[in-house]
Amino acid sequence: MDVFTAMKERRSCRSFLPEPVDEDMIEKILKAAAWAPSPLNMQPWEFIVITNSEVRTKIFAESVRCKEWALEKSGWKWLGGYKIDFVKSAPVIIAVIGDSKKSGVDMFMEEGSTGYQHACAAAIQNMLLAAHALGLGALWFTFFDKNPMREILDIDEKKTPVALICLGTPDGKPTAMPRKDVKEKTSYMR
Ligand SMILES: Cc1cc2nc3c(=O)[nH]c(=O)nc-3n(C[C@H](O)[C@H](O)[C@H](O)COP(=O)(O)O)c2cc1C
């Protein structure tokens, strides 16, 4: 698949069939992640491929807790109708873990380490595009708090669970979210 087609046609998938994902496909997706750019090529990411149902249940419980908390805190009514059952039904979840010690020169700058998160985001986008090109559905998921997720995934406190990628065979075709015309978002300094 042409990269422009993949970028345009990829959609967030929130409904998965229960069938398992081929290990070769998971490997291809992880290799795509590894080709992402990173500050000083430090590759500040680690991946945990989760298929264990007990761990997935714990992740789901944390997501529900986080959603209820967010609903109360924000008062956003749409959150009440936002169903996160896909966290339970996705056959694979890939946790993307970032290492702030591998952030490049920004470690010494005013705002501190952010480059490692940007690099993880680049890796995640590669994964989403690779999944789409392989005919799989994927979702960039962040409804969780860092400490409970560290505990569930047994991650060192110095590392950051950046996102969970829910992955599987899509159940139906996700609806396309509209985009603003990029002209509204662009200015030129000629
Ligand atoms: C940093 C980031 C965090 C996101 N977190 C969530 C999430 O927790 N739950 C969710 O359903 N979608 C999440 N998304 C997906 C967005 O909702 C989605 O990309 C956006 O609505 C556009 O839809 P599309 O991906 O189908 O084009 C996240 C996306 C990004 C980039």
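List the strands (runs of 3 or more DSSP E) inside the stretch 72-190, counting only whole elements, that have at least 3 residues being within 25 Å of residue 43 (Cα to Cα) and away from the ligand (no atom under 11 Å from the Cβ).
On the way: elements: 92-99, 137-141, 159-168.
In the stretch 72-190, the matching strands (runs of 3 or more DSSP E) lie at 92-99, 159-168.
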Can you say whether residue 50 is at negative phi and in contact with a Cys (Cβ under 8 Å, 6 or more places away or on another chain), as far as the supplied structure shows? no
Given the conditions (1) on the phi > 0 side of the Ramachandran plot; (2) of a type outside the set (D, E, K, R); (3) assigned to a loop (DSSP other than H, G, I, E, B), and given that residue 20 satisfies all but one, which numbered condition is not satisfied? (1)
For residue 82, work out the one condition from (1) more than 17 Å from residue 30 (Cα to Cα); (2) surrounded by 18 or more Cβ atoms within 10 Å (Cβ to Cβ) it doesn't fulfil. (2)
Residues of the stretch 146-181 being touching an Asp or Glu at 6+ places or on another chain (Cβ under 7 Å) and of a type outside the set (A, V, I, L, M), which ones? 148, 150, 159, 169
Does the stretch 159-174 contain any residue that is surrounded by fewer than 10 Cβ atoms within 10 Å (Cβ to Cβ), under 16 Å from residue 98 (Cβ atoms) and touching a residue at least 24 places away in the same chain (Cβ under 8 Å)? no
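Would it be correct to say that residue 9 is more than 27 Å from residue 151 (Cβ to Cβ), of a type in the set (Asp, Glu) and within 16 Å of the ligand (Cβ to nearest atom)?
yes
Since every read-out is calculated from the coordinates, none of them should be taken as a lab result. Everything quoted here is computed from the prediction, not taken from an experiment. All Cβ positions, glycine included, derive from the backbone under ideal geometry; neighbour counts span all protein chains shown.
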